[in-house]
1. Count, please, the residues in the range 20-50 that happen to be touching a helix residue (DSSP H, G or I) at 6+ places or on another chain (Cβ under 9 Å), over 25 Å from L9 (Cα atoms) and of a type in the set (D, E, K, R).
2. Under the condition of being surrounded by 13 or more Cβ atoms within 10 Å (Cβ to Cβ) and either hydroxyl-bearing (S, T, Y) or over 21 Å from the mean Cα position of the chain (by Cα) (or both), which residue from the range 14-43 is modelled with the lowest pLDDT?
3. Given the options L46, L5, name the one that is part of a helix (DSSP H, G or I) and modelled with pLDDT of 80 or more.
4. Within the range 50-77, can you find the residues that are within 25 Å of I35 (Cα to Cα) and surrounded by 13 or more Cβ atoms within 10 Å (Cβ to Cβ)?
5. Looking at the range 8-43 only, could you name the residues that are in a loop (DSSP other than H, G, I, E, B) and among the acidic types (D, E)?
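The values are calculated or read from the model by the stated rules, or taken from the named source; none is laboratory data. Predicted model only: the values in this text are computed from it and were never measured. Quick reminder, even Gly has a Cβ in these numbers, built from the backbone with ideal geometry, and neighbours come from all protein chains shown.
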Amino acid sequence: MYAQLCSDLIEKLPPFPSEEPGGKEITFKRVLLNICQEAYEGSNKLGEEVKQMTAPEQESERRDKERMVKLRTLGNS
């Protein structure tokens with residue numbers, strides 16, 4: 001259902017001109033892809049933070065961040 005909604009929006013929303021001269025026009029598809037890429041890259045950065053949390057007193061915070069990474073990579077957040 002979500003994929004169908006995105007497909008309909010891609011077809012029905014008009015593209016907008018770029019804010020930069022000579023830049024690509026802004027489309028729903030481009031915006032959606034940019035948001036997905038940023039979320040994926042953000043989870044990678046968070047994963048690197050988790051790997052550096054090795055102190056015993058950081059155990060609880062590390063588990064919470066690991067859970068956030070997992071949710072983000074699965075697309076559930």
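1. Taking the range 20-50 and keeping what is touching a helix residue (DSSP H, G or I) at 6+ places or on another chain (Cβ under 9 Å), we get 24, 27-29, 32, 39-40, 42-44, 46-47, 49-50.
In the following step, the residues that additionally are over 25 Å from L9 (Cα atoms) were identified as 42-44, 46-47, 49-50.
Among the residues that remain, those that are also of a type in the set (D, E, K, R) are: 49.
Counting residues in the range 20-50 that are touching a helix residue (DSSP H, G or I) at 6+ places or on another chain (Cβ under 9 Å), over 25 Å from L9 (Cα atoms) and of a type in the set (D, E, K, R) gives 1.
2. Applying the filter and picking the extreme gives S43.
3. Exactly one of L46, L5 is part of a helix (DSSP H, G or I) and modelled with pLDDT of 80 or more, namely L5.
4. V50, K65, E66, M68, V69, K70, R72, T73
5. Across the range 8-43, the qualifying residues are E19, E20, E25.
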